[in-house]
Amino acid sequence: MKCDYCEKVFDDDDNLVLNYFDHIQRYHYDVLSDNEKIMHDIRKKMIKSKTDYQVDKNIKGDSDLIFNAKNSDT
Ligand SMILES: [Zn+2]
């Protein structure tokens, strides 16, 4: 996938969305229109909350494992 604002090309992998947003934020945020800035900020929040959810899920998954292991001992 190619950047809309320059010639940079992004690898089409799992981190594509994050990498692209990070790139826009660093290099092209100034040239976004007001609407695009709003959209960018909304998407950024969504990406962040999704990442937080994954981390939260991983932590809860781990504590479930510990709980089950303790339970099977008794
Ligand atoms: Zn670019």
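Just so you know, all these numbers are worked out from the coordinates, no wet-lab data involved. These numbers were taken from a predicted model, which means no experiment stands behind them. Don't worry about glycine lacking a Cβ; one is built from the backbone with ideal geometry, like all the others, and counts go over all protein chains shown.
With a point put 7 Å past each Cα toward its Cβ, work out how far ASN15 is from LYS37 in nm, to one decimal.
Here the modelled spin labels are 2.9 nm apart.
For the pair ARG26/LYS48, report the inter-label distance in nm, with labels modelled 7 Å from Cα in the Cβ direction.
Roughly 1.8 nm, to one decimal.
How do GLU7, GLU36 rank when sorted from fewest to most other Cβ atoms within 10 Å of their own Cβ?
GLU7, GLU36
For ARG26, ARG43, what's the fewest-to-most ordering of other Cβ within 10 Å of each Cβ? Display every interim value, and only then the final one.
Numbers: ARG26 8, ARG43 13.
Result, fewest neighbours first: ARG26, ARG43.
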